[in-house]
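*Asks:* Sharing a structure below in structure tokens format, with a few things to ask.
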Amino acid sequence: MRAVYIAIGNRLRRDDGAAHRVVELLGAPAGAEVHLVHQLSPENAEWLAGKDTAVFIDASLAGGGVRLERVDPGDAAHSPLAHFLPPAAVVALARTLYGFTGRAWLCHVPGADFGSGEGLSGEAEANAQAAAALLRSRGPGLALQ
């Protein structure tokens, strides 16, 4: 199983860096590539080439705890030429340009403080640990029921 984990966020915007913390806690999953980015761009689609699974990890303003959802490339409503893309648009580009046929997932890591500064709030740290545990338990292929 070849997988790619893409952590999205800005560590200088406090809880926006929660995804980066998740991959720190995960370490390097066996058989997986790991990338840290501030935001997604069209160039990131190439990372999905030849992979079976793509896992996007991102901080979230929505409460309710950590959640993992399937990314549907049909939901890609943004222009592929924009400087910021949602995961669905990156997956759609990867399918079109690189023949990606694998599954893609988005792991939401809720946070509370997205202001300027470094370090996570207690809530985001707890959620980052929960997200890392969830992803570790599922493994690189994320075999979900």
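The values are calculated or read from the model by the stated rules, or taken from the named source; none is laboratory data. In this text the structure is predicted, and so the values were computed from the model without any measurement. Heads up, the Cβs are rebuilt from the backbone with ideal geometry, glycines too, and the neighbour counts pull from every protein chain shown. Note: accessible area is taken over every heavy atom of the protein model, side chains too, but ligands, DNA and RNA are not part of it. Shrake-Rupley method; radii C 1.70, N 1.55, O 1.52, S 1.80 Å.
*Asks:* Can you tell me which residue among A112, A128 is in contact with a helix residue (DSSP H, G or I) (Cβ under 6 Å, 6 or more places away or on another chain), open to solvent by less than 10 Å² (accessible area, probe 1.4 Å) and either at pLDDT 95 or above or part of a loop (DSSP other than H, G, I, E, B) (or both)?
*Replies:* Of the residues listed, the single one that is in contact with a helix residue (DSSP H, G or I) (Cβ under 6 Å, 6 or more places away or on another chain), open to solvent by less than 10 Å² (accessible area, probe 1.4 Å) and either at pLDDT 95 or above or part of a loop (DSSP other than H, G, I, E, B) (or both) is A128.
*Asks:* Of the numbered conditions (1) of a type in the set (D, E, K, R); (2) open to solvent by less than 20 Å² (accessible area, probe 1.4 Å); (3) at pLDDT 95 or above, R21 fails exactly one; give the number of that condition.
*Replies:* Tallying (1) of a type in the set (D, E, K, R); (2) open to solvent by less than 20 Å² (accessible area, probe 1.4 Å); (3) at pLDDT 95 or above, R21 fails exactly one: (2).
*Asks:* Follow-up. Residues of region 39-65 being open to solvent by 40 Å² or more (accessible area, probe 1.4 Å) and at negative phi, which ones?
*Replies:* Answer for region 39-65, where residues must be open to solvent by 40 Å² or more (accessible area, probe 1.4 Å) and at negative phi: Q39, E43, E46, W47, D52, D58, L61, A62, G63.
*Asks:* Enumerate the pairs (first residue in region 3-19 and over 22 Å from A89 (Cβ atoms); second residue anywhere and of a type in the set (K, R) and assigned to a strand (DSSP E or B)) with beta-carbon separation below 9 Å, excluding pairs fewer than 6 apart on the same chain, so at least 6 apart or on different chains.
*Replies:* none
*Asks:* A further question follows. Failed condition for D75, given (1) open to solvent by 30 Å² or more (accessible area, probe 1.4 Å); (2) at pLDDT 90 or above; (3) closer than 14 Å to W105 by Cα, with all others met?
*Replies:* It is condition (2) that D75 fails.
*Asks:* Being touching a Phe, Trp or Tyr at 6+ places or on another chain (Cβ under 9 Å), farther than 22 Å from R136 by Cβ and free of Cβ contacts under 8 Å to residues at least 24 places away in the same chain, is that true of even one residue in region 29-51?
*Replies:* No, region 29-51 contains no residue that is touching a Phe, Trp or Tyr at 6+ places or on another chain (Cβ under 9 Å), farther than 22 Å from R136 by Cβ and free of Cβ contacts under 8 Å to residues at least 24 places away in the same chain.
*Asks:* Output the number of residues of region 26-38 satisfying the condition of being surrounded by 15 or more Cβ atoms within 10 Å (Cβ to Cβ) and closer than 19 Å to R11 by Cα.
*Replies:* 5
*Asks:* Please work out which residue is nearest to L85 (Cα to Cα), limiting yourself to region 115-125 and to residues that are assigned to a loop (DSSP other than H, G, I, E, B) and open to solvent by less than 30 Å² (accessible area, probe 1.4 Å).
*Replies:* Top of the filtered list is G115.
*Asks:* Still on this model: Could you give every pair whose Cβ atoms fall below 8 Å, whose first residue belongs to region 89-106 and is at positive phi and without any contact (Cβ under 8 Å) to a residue 24 or more places away in the chain, and whose second residue is of a type in the set (D, E, K, R) and surrounded by fewer than 24 Cβ atoms within 10 Å (Cβ to Cβ), counting only separations of at least 6 or pairs across chains?
*Replies:* none
*Asks:* Among the listed residues A18, A28, A7, identify the single one that is assigned to a helix (DSSP H, G or I) and either closer than 19 Å to Q129 by Cα or under 14 Å from the mean Cα position of the chain (by Cα) (or both).
*Replies:* Of the residues listed, the single one that is assigned to a helix (DSSP H, G or I) and either closer than 19 Å to Q129 by Cα or under 14 Å from the mean Cα position of the chain (by Cα) (or both) is A18.
*Asks:* Taking L68 as the residue in question, decide whether it is over 23 Å from G99 (Cβ atoms) and modelled with pLDDT under 95.
*Replies:* Considered against the rule, which asks whether it is over 23 Å from G99 (Cβ atoms) and modelled with pLDDT under 95, L68 comes out as yes.
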